[in-house]
Amino acid sequence: MASGDSLIQWTAAANEPPASNFATLDLRNSHAVLDFDDTADEAAVFRGVMPQHYAGGGVTVYVHYAMTSATTGKVRWDARFERIGDGQQDIDSDGFASAQSVNVAAVPGTSGHVDIQSIAFTNGAQMDSVAAGESFRLKIERKPSDGTNDTATGDAELLAVELRET
Amino acid sequence: MAVNKTKQVQTLVNRTAAEIEAMRAGMARIVRYRDAYQAAGIDATGTILEGRTSALVSALTTLNTALNDATFDQLIAAKVPSHRGTALEV
């Protein structure tokens, strides 16, 4: 695979919600979305197997979202990986690596418009060393607790996530 | 890190607007009873309202006017339905 090629895609319905502080599944004009609160940090989790054609060049996570009603303000998205692999993670506990973030300076001026933001991960520790052929989980989180970088009021709605070779 | 002030402002707006809407609904019910009472032309002599009916009606009119102030219309219009109103601790 070449840089920029798509590895995996998920839609809102693929979410495996965490036990607490989870984004909630909703419908917006028949589009399945995940609602992320504007006051409490909430997360969605997506499971995948890294394709064999992943070349080890790092990955970029693309977050497709729209705001429920806000047309001004900022929003912060975090993403983090958990390698499950072959004997790498005891699934009785969580082992997500540190988050990488994107601070969106301005949400779309039309609340129904979908914005696509990217978060880059270098190969190795940043993506919890997930390798080709290994299963993993990807956690996407909105961070209203960051009062500097998340100011938009009302829910942010996640429609899809794409993973590409960086 | 604390949530941004925009969320705290929105909590005040949402919570206040919800209470004002509830008070307006209550006021509308009171007004219906007031109007029915006045339309019936009831003589309050010998009742608890003797000599007090005008004051009561006046006070209710004042309250109704205050609750329907245009400022509250703007507040209600500023509600964000998906904001859960939890950014302020009370």
Inset, instruction - Please verify whether region B:44-53 includes one or more residues that are touching a residue at least 12 places away in the same chain (Cβ under 8 Å) and among the hydrophobic types (A, V, I, L, M, F, W, C). - result: no
Inset, instruction - Return the only residue of A:Gly154, A:Gly147 being free of Cβ contacts under 8 Å to residues at least 24 places away in the same chain, closer than 30 Å to B:Val80 by Cβ, within 14 Å of chain B (Cβ to nearest Cβ) and not in a strand (DSSP E or B). - result: A:Gly147
Legend entry - Of all residues in region A:1-60 being without any contact (Cβ under 8 Å) to a residue 24 or more places away in the chain and not in a loop (DSSP other than H, G, I, E, B), the one that is surrounded by the most Cβ atoms within 10 Å (Cβ to Cβ): A:Phe22
Legend entry - Residue, farthest from A:Thr68 (Cα to Cα), within region B:70-90, restricted to residues that are outside any helix (DSSP H, G or I) and more than 8 Å from chain A (Cβ to nearest Cβ): B:Val90
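Throughout, read-outs are computed from the coordinates displayed, never taken from laboratory work. Since this is a predicted model, take the numbers as computed values, not measurements. In this analysis, Cβ positions are derived from the backbone assuming ideal geometry, glycine residues included, and neighbour counts consider all displayed protein chains.
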